[in-house]
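Input: a single structure, listed below in structure tokens.
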Amino acid sequence: MTAQASQLTSAQEPAAVSPAAPVIRVEGLQAFYGAQQVLFDVDLTVMPGEIMVVMGGSGSGKSTLLRHLVGLSRPAAGRVELLGLDITRARSMEMLALRRKIGVAFQGGALFSSMNVLDNIMLPLREHARLDRKTMEIMARLKLEVVNLAGADALMPSELSGGMLKRAAVARAIIMDPTLLFFDEPSAGLDPTVSSALDDLILKLREAMNMTMVVVTHELESAFKIADRITILDQGRILLVDDVAGVRRSDNPRIQNLLNRRSEETEVDAQAYLQRLTGETPTPPAATNETPEAS
Amino acid sequence: MTEVIRDEEGRFVVELEGEIDLERAPALRKTLLDCVRRGRDVLVDLSRVTYIDSSGIASLVEALQDAGKSETRFGLIAISPEVMRVFELARLDKVFTIHPDLGSALEAGA
Ligand SMILES: Nc1ncnc2c1ncn2[C@@H]1O[C@H](COP(=O)(O)OP(=O)(O)O)[C@@H](O)[C@H]1O
Ligand SMILES: [Mg+2]
């Protein structure tokens, strides 16, 4: 956990960033899977301490955007700047230093089943830092405390509930005291109470640690609760970037559709299911070729 | 490492400065544990610390626990509001004795 008036005055951050500058800046991002274009000219700016929620239907490109934001995928065109560093051009040493400042809790980022909770959470520390084992253990236990998993050190992932697993993943994502935190569908598959507790945790972390966060979710309630601003993706394009009130006010039918998503979602799932059964790839622009879990 | 250890009426006062991060935590840990192991009370002055990450905080926690084992006192001085928020997040404000300044720490007999 970090503590300072502004995260951006840390010596490890590139000098180019001043407190008024965005910590994430995306310009003209284009992304493809093979010949299929999934992101079109995406521009995005996130300010220090801001929680930016990314919403959109299944297959709209949310996860792809997130993968580009953290440098897991290289854009076909455009630039992605984190903490003043253009990660599409950064050298590996620069990327390594940057990665220490980034926490990622993705859907695929499950805990290692062969390690207990404490070892899972300490993993990034072992990769990035040279610390005494005792220091690392205390750091990990502090994070468990923060995510309300105190005492779960010795449990194996298989012994945790869905909500506990997410919390443990959050603990691991924040073990290095990141400046930037990225979540992909943190509350997917959780019941409403557990999911709401996760929202509280996200807000608590921002409050105490001054983190900037990008949270992908398609839980409307959650988005409205945690977001400073919401980016709505539709078939790989940005439809709207606005605060909660602005999104609610929007009379764009596609956004209204998203807000009254239930009926639409059922339809989307049916199509995705059909495609899964037939093994057919959709014809672009595709909004509906994913399994519900992976959306 | 900008750290000064002073002797204040028989106790060690460790004055820290600047940013305490992953690079500095190991040295801080060593300093604190050395002080505690000499069997004296220790006060850590954080008034000039602008940033402390959780590796630094973990070092404080370990030293506090060692002090408890050797029945010496271990207190913190002048925690900034930002650091305090992080302490509260992990409820460390309930664990450490925290004094507003050196004067009140000495007055409290810490
Ligand atoms: N690894 C992949 N290979 C090929 N196509 C992919 C891959 N991942 C995602 N896609 C496609 O890219 C589009 C955007 O996917 P994704 O970013 O996962 O959307 P979302 O997270 O919004 O559901 C979808 O059409 C999806 O099928
Ligand atoms: Mg997704």
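Consider A:Phe106 carefully, then state whether it is away from ligand 2 (no atom under 16 Å from the Cβ) and touching a residue at least 12 places away in the same chain (Cβ under 8 Å). Before the answer, list the steps.
Details: away from ligand 2 (no atom under 16 Å from the Cβ): no; touching a residue at least 12 places away in the same chain (Cβ under 8 Å): yes.
Spelling it out, it is not the case that A:Phe106 is away from ligand 2 (no atom under 16 Å from the Cβ) and touching a residue at least 12 places away in the same chain (Cβ under 8 Å).
For segment B:38-51, does any single residue satisfy the condition of being among the hydrophobic types (A, V, I, L, M, F, W, C), out of contact with any helix residue (DSSP H, G or I) (no Cβ under 6 Å at 6 or more places or on another chain) and either loosely packed, with under 15 Cβ neighbours inside 10 Å or at positive phi (or both)? Before you say what the answer is, go through the steps one by one.
Looking only at segment B:38-51, we keep the residues that are among the hydrophobic types (A, V, I, L, M, F, W, C), and these are B:42-44, B:46, B:49.
With out of contact with any helix residue (DSSP H, G or I) (no Cβ under 6 Å at 6 or more places or on another chain) added as a condition, the list becomes B:44, B:46, B:49.
Keeping just the survivors that are either loosely packed, with under 15 Cβ neighbours inside 10 Å or at positive phi (or both) gives none.
The answer is no, given that none of the residues of segment B:38-51 is among the hydrophobic types (A, V, I, L, M, F, W, C), out of contact with any helix residue (DSSP H, G or I) (no Cβ under 6 Å at 6 or more places or on another chain) and either loosely packed, with under 15 Cβ neighbours inside 10 Å or at positive phi (or both).
Can you pull out the residues in segment A:143-160 that are touching a residue at least 24 places away in the same chain (Cβ under 8 Å) and either within 14 Å of chain B (Cβ to nearest Cβ) or part of a loop (DSSP other than H, G, I, E, B) (or both)?
Within segment A:143-160, A:Lys143, A:Leu144, A:Val146, A:Val147, A:Asn148, A:Leu149, A:Ala152, A:Asp153, A:Ala154, A:Leu155, A:Met156, A:Leu160 qualify.
Output the residues belonging to segment A:225-246 that are open to solvent by less than 40 Å² (accessible area, probe 1.4 Å) and in contact (Cβ under 8 Å) with a residue 24 or more places away in the chain.
Scanning segment A:225-246 gives A:Ile226, A:Ala227, A:Ile230, A:Thr231, A:Ile232, A:Leu233, A:Asp234, A:Gly236.
Considering only segment A:167-263, give the strands (runs of 3 or more DSSP E) lying wholly within it that have at least 2 residues that are under 30 Å from A:Met136 (Cβ atoms), within 14 Å of chain B (Cβ to nearest Cβ) and over 14 Å from the mean Cα position of the chain (by Cα). Show your work before the answer.
On the way: elements: A:180-184, A:212-216, A:229-234, A:237-242.
Answer list for segment A:167-263: none.
Name the single residue that is farthest from B:Gly109 (Cα to Cα) among those in segment B:1-15 being touching a helix residue (DSSP H, G or I) at 6+ places or on another chain (Cβ under 8 Å) and at pLDDT 95 or above. Spell out how you get there, then give the answer.
First pass over segment B:1-15, keeping only residues touching a helix residue (DSSP H, G or I) at 6+ places or on another chain (Cβ under 8 Å): B:1, B:3, B:5, B:8-9, B:12-14.
Those left that are additionally at pLDDT 95 or above: B:12-14.
Values: B:Phe12: 13, B:Val13: 13, B:Val14: 16 Å.
Once the filter is applied, the top-ranked residue is B:Val14.
Go through segment A:25-57 residue by residue and tally those that are open to solvent by 10 Å² or more (accessible area, probe 1.4 Å), within 11 Å of ligand 1 (Cβ to nearest atom) and either at negative phi or within 14 Å of chain B (Cβ to nearest Cβ) (or both). If you could, list the steps in order and put the result at the bottom.
So in segment A:25-57, the residues open to solvent by 10 Å² or more (accessible area, probe 1.4 Å) come out as A:25, A:27-28, A:30, A:32-38, A:40-41, A:43, A:45, A:47-50, A:57.
Now restrict to residues that are within 11 Å of ligand 1 (Cβ to nearest atom): A:32-38, A:57.
Now narrow it down to the ones that are either at negative phi or within 14 Å of chain B (Cβ to nearest Cβ) (or both): A:32-33, A:35-38, A:57.
Residues flagged as open to solvent by 10 Å² or more (accessible area, probe 1.4 Å), within 11 Å of ligand 1 (Cβ to nearest atom) and either at negative phi or within 14 Å of chain B (Cβ to nearest Cβ) (or both) within segment A:25-57 amount to 7.
If the requirement is being more than 13 Å from ligand 2 (Cβ to nearest atom), within 21 Å of A:Phe183 (Cα to Cα), open to solvent by less than 20 Å² (accessible area, probe 1.4 Å) and touching a Phe, Trp or Tyr at 6+ places or on another chain (Cβ under 9 Å), which of these qualifies: A:Val70, A:Val80? Don't jump to the end; show me each part of the working.
Values: A:Val80 fails: touching a Phe, Trp or Tyr at 6+ places or on another chain (Cβ under 9 Å).
It is A:Val70.
Since A:Ala140 meets every condition but one in (1) part of a loop (DSSP other than H, G, I, E, B); (2) among the hydrophobic types (A, V, I, L, M, F, W, C); (3) within 14 Å of chain B (Cβ to nearest Cβ), which condition does it not meet?
(1)
Has segment B:13-27 got any residue that is facing chain A (nearest Cβ under 9 Å) and touching a Gly at 6+ places or on another chain (Cβ under 8 Å)?
Of all residues in segment B:13-27, those facing chain A (nearest Cβ under 9 Å) come to B:18-19, B:21-23, B:25-26.
Filter again for touching a Gly at 6+ places or on another chain (Cβ under 8 Å), leaving B:21, B:25.
Yes, segment B:13-27 contains a residue that is facing chain A (nearest Cβ under 9 Å) and touching a Gly at 6+ places or on another chain (Cβ under 8 Å).
Output the number of residues of segment A:118-137 satisfying the condition of being open to solvent by 20 Å² or more (accessible area, probe 1.4 Å) and without any contact (Cβ under 8 Å) to a residue 24 or more places away in the chain.
The total comes to 9.
Considering each residue of segment B:55-98, count those that are under 14 Å from B:Val14 (Cα atoms) and more than 14 Å from chain A (Cβ to nearest Cβ), and give that number.
Matching residues across segment B:55-98 total 4.
Please verify whether segment A:85-105 includes one or more residues that are open to solvent by 30 Å² or more (accessible area, probe 1.4 Å), under 29 Å from A:Pro157 (Cα atoms) and within 16 Å of ligand 1 (Cβ to nearest atom).
Yes, segment A:85-105 has at least one match.
Looking at segment A:207-221 only, could you name the residues that are away from ligand 1 (no atom under 16 Å from the Cβ) and polar (S, T, N, Q)?
Residues of segment A:207-221 away from ligand 1 (no atom under 16 Å from the Cβ): A:207-213, A:221.
Selection gives A:Asn210, A:Thr212.
Any idea which residue in segment B:28-47 is nearest to the chain's Cα centre (by Cα), counting only those that are more than 13 Å from every other protein chain (Cβ to nearest Cβ) and assigned to a strand (DSSP E or B)?
Among those residues, the one meeting the criterion is B:Val44.
Hey, can you tell me all the residues within segment B:62-110 that are touching a Lys or Arg at 6+ places or on another chain (Cβ under 9 Å), aliphatic (A, V, I, L, M) and open to solvent by 30 Å² or more (accessible area, probe 1.4 Å)?
Result: B:Leu106, single match.
Within 20 Å of A:Ile174 (Cα to Cα), among the small types (Gly, Ala, Ser) and modelled with pLDDT under 95, is that true of A:Gly71?
On the way: within 20 Å of A:Ile174 (Cα to Cα): yes; among the small types (Gly, Ala, Ser): yes; modelled with pLDDT under 95: yes.
Judged against the criteria, A:Gly71 is a match.
The values are calculated or read from the model by the stated rules, or taken from the named source; none is laboratory data. Quick caveat, the model's predicted, so the values are computed rather than measured. We place every Cβ from the backbone using ideal geometry, glycine too, and count neighbours over all the protein chains shown. All accessible areas refer to the heavy atoms of the entire protein, side chains included, with ligands and DNA or RNA removed. Shrake-Rupley method; radii C 1.70, N 1.55, O 1.52, S 1.80 Å.
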